[in-house]
Amino acid sequence: MTDLALRSVGLRKTYRTKGSPPVEALAGVTLEVRSGERVALLGRNGAGKTTFLRIASTLLRPTAGAVEIFGVDVDQHPERVRPYIAVVPQEGKPFFHLTPREQVYTYLRARGLSRETGKARAEAALEAMGLTDFADRLAITLSGGQRQRTMVATVLATEAPFLFLDEPTIGMDPFARRSVWASLRALSRRGSTIMLTTHYLDEADELSERLYIIDRGVVRVSGTSEELKRSVGGTLKVHMPGGAAEIERFRSFGRCVPDGTGLTVIAAPERLGELMGVAVAAHLTATVGPVTLEEAFLNVVGRSIDEE
Amino acid sequence: MRSESVGWPRPFQGLTAFLWTEVLVQAHEELAMATSMVVQGVLLVFVWILDPTLIGVALLGAVLFSMFTMGQRVLNEAAYLRIDHKANELYLAGPLTAEGYFLGLSAGVMIVYLPPVVIVGILAGLVVHLTLVEVGLLIVLAFGVWVCAASIGYIFSTAFRENRAIWAYSSLFFNVFGVLPPVFYPLTKFPVALRPIVLLMPPSAAAAILQTAIGAVRPPAGEITLAAVGLVVEAVLLFALAVYWARRTARER
């Protein structure tokens, strides 16, 4: 038995469609996820996140390389891996003519759970996702967010040892998103390993113990949220509308990111007073805030774009 | 590693539950269940007007045709669930096997659309005065036709990438192969030279066997042997191919 829940080595995937040039979605992804860990894959649209998730969850065959789940090669032995995983597919929808209660319960039964366990877990998942009031309405009458909550409830109720979630909170309101986060944390505490993709950086920041930023099919950087933020070069961001014209005055304080006529400077806290003095001298107004994961993401992906 | 499932995966683990899921899903389409017999009903009226003595043969044909068109429903449902709902990803990335998914979906569709077929079958039994053996033969043949149709439907469902294409093509195959060959009319009215072709088509092969069993036609023994052997071989091969294809397409390439 291994402590690693997932190990990917040199994973490559090239899509070949007749009449179109081949598309290299993954160009050698190597990463590891420990048992019980919550990991987020971040990246631009088309970066390769969903391709990675689909290969790891036995739904897509790789072109080269290997992924192991709990030490079992997913491409060689998918049937041995599948009992231990569950997936929220990207843009998946519940059956329109089932109620959320029927959807969750029948799915658990199809996974081999007993009636009693199925019922108990279905009720708990519906409550955790705030679906109790809608549990007996056909999914076709639910809003997009409620349907997505039904999908997430369906998969979280499995309590599978490894959960893959591809943009699980898309279309959800902030309350529902927090319900999902709480449920994922609870499952993680009970030992489930969680891998998710998201475009909500606050979600990744809040939820993940480790992040992988993927771009153009390779892992560009990995680490905790704090590590990634520190890699930006400071812990504060100072935004100055109209500051782009004065960029040379601020270069010594840290990384300067022009944004139209505005300017954002990533700076260390100990130089904030000095920086503000220069801003006042230049007749600029400034707002100060902590560096977020978004800056780290833009920094990493921006460098990747510059390399293109 | 903890798991809620029982050790090693079993080929048909979860099949019954998934079948029941599909029954629940399909059972909400009451109108579709009622309209599933429209084509058969129209053809029966035509036969009644043109030659009332053939209504018994046509009723038996309607049962077989209905079982054959269930393949079209399997095709539509499997493609729709895959393209629109990603249900295949939800289920196949779990303990339910690919063959369990194929069989559960196909059997679920069949169970929901079976009641009107049973009513037509009872009507046929009353009109033709079927013996118990002939009723048994009808059931076996209908099952054989369903196995062929469901297998064809599931295999073809994997070829579509969007639903609009399915609407255009799926009914074509099942209607043409169910209406043109001698299913609603006696085999003997079909040109002798072309009979080997229709005797290798599941619905017309089953109809030829039934028509011979009730004494409606007396074709050469070779033709009935061809129909019987062909149907058995096709059912076995198509089912095996569908299971193989379900496993193969459980993972995209």
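The values are calculated or read from the model by the stated rules, or taken from the named source; none is laboratory data. Everything quoted here is computed from the prediction, not taken from an experiment. All Cβ positions, even for glycine, are placed from backbone atoms using ideal geometry, and neighbour counts span all protein chains on display.
Taking the listed residues B:ILE49, B:ILE55, the one that is out of contact with any Phe, Trp or Tyr (no Cβ under 9 Å at 6 or more places or on another chain) and either of a type in the set (Val, Ile, Thr) or assigned to a helix (DSSP H, G or I) (or both) is B:ILE49, with no other qualifying.
Within the option set B:ALA250, B:ALA193, B:ALA221, B:ALA228, being more than 14 Å from chain A (Cβ to nearest Cβ), in contact with a helix residue (DSSP H, G or I) (Cβ under 9 Å, 6 or more places away or on another chain) and among the small types (Gly, Ala, Ser) holds for one residue only, B:ALA228.
The strands (runs of 3 or more DSSP E) found wholly in segment A:5-85 and carrying at least 1 residues that are in contact (Cβ under 8 Å) with a residue 40 or more places away in the chain and surrounded by fewer than 18 Cβ atoms within 10 Å (Cβ to Cβ) occupy A:23-34, A:64-69. When segment A:226-249 is filtered for residues that are of a type outside the set (D, E, K, R) and farther than 22 Å from A:THR287 by Cβ, the ones remaining, listed by number, are A:LEU228, A:SER231. Close contacts from segment A:204-217, counting a first residue that is of a type in the set (Lys, Arg) and a second that is in a loop (DSSP other than H, G, I, E, B), with Cβ to Cβ under 8 Å and a gap of 6+ residues or different chains, come to A:ARG210/A:GLU37; A:ARG210/A:THR224; A:ARG216/A:ALA47; A:ARG216/A:GLY48; A:ARG216/A:GLU308.
Which residues, counting only those in segment A:86-112, are more than 9 Å from chain B (Cβ to nearest Cβ) and assigned to a loop (DSSP other than H, G, I, E, B)? Residue satisfying the conditions is A:THR99 alone.
The residues on offer are B:ALA58, B:ALA87, B:ALA79, and the sole one that is of a type in the set (A, V, I, L, M, F, W, C), over 24 Å from B:LEU137 (Cβ atoms) and more than 14 Å from chain A (Cβ to nearest Cβ) is B:ALA79. Counting only helices (runs of 4 or more DSSP H) that fall entirely inside segment B:63-168 and contain at least 3 residues that are among the hydrophobic types (A, V, I, L, M, F, W, C) and within 16 Å of B:THR21 (Cα to Cα), the qualifying elements are B:87-92, B:98-128. Would you say A:GLU102 is under 20 Å from B:LEU81 (Cβ atoms) and free of Cβ contacts under 8 Å to residues at least 12 places away in the same chain? Yes; evaluated as a whole, the condition is true for this residue.
In summary, B:PRO181 fulfils each of the numbered conditions (1) closer than 23 Å to B:THR53 by Cα; (2) crowded, with 20+ Cβ neighbours inside 10 Å; (3) modelled with pLDDT of 95 or more with the single exception of condition (3). Conditions first: (1) within 25 Å of A:ASP205 (Cα to Cα); (2) buried (at least 20 other Cβ atoms within 10 Å of the Cβ); (3) at pLDDT 90 or above. A:LEU275 passes all but one, so which condition is the exception? Status for A:LEU275: all satisfied but (1).
Within segment A:158-206, the residues that satisfy the criterion of being of a type in the set (D, E, K, R) and closer than 21 Å to A:PHE70 by Cβ are A:GLU159, A:ASP166, A:ARG189, A:ARG190. Of all residues in segment A:278-293, those satisfying the criterion of being surrounded by 12 or more Cβ atoms within 10 Å (Cβ to Cβ) and of a type outside the set (Val, Ile, Thr) are A:ALA279, A:ALA282, A:LEU284, A:ALA286, A:LEU293. Answer yes if at least one residue in segment B:235-251 is of a type in the set (A, V, I, L, M), under 19 Å from B:SER151 (Cα atoms), in contact (Cβ under 8 Å) with a residue 60 or more places away in the chain and not in a helix (DSSP H, G or I), and no otherwise. Within segment B:235-251, one or more residues are of a type in the set (A, V, I, L, M), under 19 Å from B:SER151 (Cα atoms), in contact (Cβ under 8 Å) with a residue 60 or more places away in the chain and not in a helix (DSSP H, G or I).
Residue-by-condition table, conditions (1) buried (at least 24 other Cβ atoms within 10 Å of the Cβ); (2) in contact with a Phe, Trp or Tyr (Cβ under 7 Å, 6 or more places away or on another chain):
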| site | (1), (2) |
| --- | --- |
| A:ARG137 | no, no |
| A:LEU142 | no, yes |
| A:THR154 | yes, yes |
| A:ALA157 | yes, no |
| A:PRO174 | no, no |
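A residue that is free of Cβ contacts under 8 Å to residues at least 60 places away in the same chain, in contact with a Pro (Cβ under 7 Å, 6 or more places away or on another chain) and surrounded by fewer than 23 Cβ atoms within 10 Å (Cβ to Cβ) can be found somewhere in segment B:79-93.
Residue-by-condition table, conditions (1) charged (D, E, K, R); (2) closer than 20 Å to B:ALA98 by Cα:
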{"position": "A:PHE70", "(1), (2)": "no, no"}
{"position": "A:VAL74", "(1), (2)": "no, yes"}
{"position": "A:VAL81", "(1), (2)": "no, yes"}
{"position": "A:ALA86", "(1), (2)": "no, yes"}
{"position": "A:PRO89", "(1), (2)": "no, yes"}
{"position": "A:ARG101", "(1), (2)": "yes, no"}
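The residue that is farthest from B:GLY71 (Cα to Cα), counting only those in segment B:224-247 that are β-branched (Val, Ile, Thr) and surrounded by 18 or more Cβ atoms within 10 Å (Cβ to Cβ), is B:ILE224.
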